[in-house]
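Worksheet for the structure shown next.
The values are calculated or read from the model by the stated rules, or taken from the named source; none is laboratory data. Since this is a predicted model, take the numbers as computed values, not measurements. With ligands, DNA and RNA removed, areas are computed over all heavy atoms of the protein, side chains included. Shrake-Rupley method; radii C 1.70, N 1.55, O 1.52, S 1.80 Å.
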Amino acid sequence: MGTPNLDTAAWRKSSYSDTGGDCVELTQLAPGATAIRDSKNVTGPQVIVTARAWASFIAALKND
């Protein structure tokens, strides 16, 4: 997977996010990847994970 340009990505935040700003934002990448960043530091580091890794992470959260 190459390094995509995320400057123009359509980032979204969960509707469950609080107003305190402690949130993450996500954007779907093609093919089959998700980028994640801290909503308080939008120019900071971004993590890119495969769709499979993201699905495993969400499943673990739901089962914990």
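Quick look at the numbers
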read-out: Members of the range 1-27 that are under 9 Å from the mean Cα position of the chain (by Cα), modelled with pLDDT of 90 or more and not β-branched (V, I, T); value: W11, R12, E25, L26
read-out: All strands (runs of 3 or more DSSP E) inside the range 1-55 with 3 or more residues being open to solvent by less than 40 Å² (accessible area, probe 1.4 Å); value: 24-29, 33-38
read-out: Which numbered condition K62 fails, given (1) open to solvent by 100 Å² or more (accessible area, probe 1.4 Å); (2) assigned to a loop (DSSP other than H, G, I, E, B); (3) not aromatic (F, W, Y); value: (2)
